[in-house]
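Colleague: After the C-alpha cells below, expect a handful of questions from me.
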Amino acid sequence: MDGWLLPESVASIYEKGRQIDVPMLIGGTSDEAATIPHDVVKLDSFEFWVKTVFGDYAQEYLKLCPVETDAEAWGNFIAIKNESIHWATRKWAHQQNSSGTQPIYLYSFSKAPPGELSAQHGAYHMGDLVYAFNNLDKVDRPWTQEDRELADLMSSAWVNFAKKGNPNGDRLPLWPAYSSKDDVIMVFDSKTQAKVDERNTALHRLFDKEFEMNKGYLKL
C-alpha cells in the first residue's frame, strides 16, 4: 500500500466498491505447489511455519492436519500452498460479487502435461499457460491429440474473453460467470466442464479467519 497506486488494502477497496469494475478471468492449477522439492520443508520447520502463517489458529490447523514425519510435513505444506491459491481466487470472486457489477470467471486447470515427472508434478504452477496461449510447439513434451484439443479449446475461451469480456462462444462448453451462491467454476481437464470443484472447506475456513484477523491480508 503506497497511498497512490494502492491507497489502502485490496480487501478494503473491494469492500467500498472502489475497484475498477471490469470483467475478470482468474484461476490456477490443481497442483500449484507440486514442484517444490521435498527437502524444502521438514517437520520442525513446518511447525514453525504453521505458527507464522496461522498465528492464533496454528493449533487448530495442526489438529485438522496433524503431521508426524518429514514426508507428512512436506505433503501438508504443498496442500496449504495449493489451497491458498484456490481460496484466494474465490475470495476475489466473492468480493467482486459483493460490490461489483461486472462478471468474474473462475477456472481450475487440472490436466497434467505429459512427459517426465508428469505423475509427480501433476497440473503444476504455470502448467496451464502453454494451453491458454496454444503454443504447445514451443515446449518439448510428448503432446497428444487430447492436449492439442484442450489447448485449442482453452485458448479460444481466452481470445473470446479478450475480445468481449466473456469467454463463451461456439463449440465451447458453457462457462457461467461466477456466483458466490453456487460456486461453479470451469475445470479444464481431459473432460472440460463447469462444476463445483472440490476443495478443502475446513482449511478454507481457517484462511478466512486468518484473513479477517490480519484485516484483509493472508501471510501465505
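No value in this document is a laboratory result; all are computed from the given coordinates. Since this is a predicted model, take the numbers as computed values, not measurements. Virtual Cβ from ideal backbone geometry, glycine too; neighbours counted across all protein chains shown.
Colleague: Ordered by residue, what ³J(HN,Hα) values in Hz, to whole numbers, does the range 111-127 give under the Karplus form 6.51 cos²θ - 1.76 cosθ + 1.60, where θ = phi - 60° and Gly and Pro are x?
Modeller: 8, 6, x, x, x, 4, 6, 4, 5, 6, 8, x, 8, 7, 3, 6, x
Colleague: Run the helix sum for the chain: -39,500 (n - 2.57) per DSSP H stretch of 4+ residues, divided by residue count, reported at 222 nm to the nearest 500 deg cm²/dmol.
Modeller: Rounded to the nearest 500, the figure is -13500 deg cm²/dmol.
Colleague: Treating the beta-carbon of each Lys and Arg as +1 and of each Asp and Glu as -1, no other charges, what is the dipole magnitude of the range 12-98 about its Cα centre, to the nearest 20 debye?
Modeller: Charge dipole of the range 12-98: 480 debye, to the nearest 20.
Colleague: Among [x] 50, 47, 33; [y] 52, 40, 30; [z] 56, 42, 26, find the value of Cα extents along the principal axes in Å that was calculated from the structure presented, and write down its label.
Modeller: After the calculation, the listed value that fits is [x].
Colleague: Could you tell me which of Val184, Leu206, Val159 has its Cα farthest along the dipole of the range 73-220 towards the positive end, charges placed at Cβ (Lys, Arg +1; Asp, Glu -1), taken about the Cα centre?
Modeller: Of the options given, the answer is Leu206.
Colleague: Near the amide H of Leu25, under 5 Å away, which other amide H atoms are found, from residues 5 or more places off or on another chain, if H is placed in the peptide plane?
Modeller: Hits under the 5 Å cutoff: Tyr105.
Colleague: Using a 10 angstrom cutoff on alpha carbons, build the Gaussian network for the chain and name the most mobile of Ser110, Ser30, Ser118.
Modeller: Ser118
Colleague: Sticking with this structure for a sec: Tell me, how many Å apart are the Cα centres for the range 146-191 and for the range 49-115?
Modeller: The range 146-191 and the range 49-115 have Cα centres separated by 23 Å.
Colleague: To continue, here is another question. Using +1 on the beta carbon of Lys and Arg, -1 on that of Asp and Glu, and nothing else charged, what's the dipole of the chain about the Cα centre, debye to 20?
Modeller: Charge dipole, the chain, about its Cα centre: 740 debye, nearest 20.
Colleague: Which Cα, out of Ile13, Cys65, Thr29, lies furthest along the positive dipole direction of the range 1-89 (beta carbon charges, K/R +1, D/E -1)?
Modeller: Working it through, the farthest residue towards the positive pole turns out to be Ile13.
Colleague: Please give every one of the lysines within straight-line cross-link reach of Lys42, meaning a C-alpha to C-alpha distance under 19 Å, and leave out same-chain neighbours fewer than 8 residues apart.
Modeller: Lys51, Lys63, Lys81
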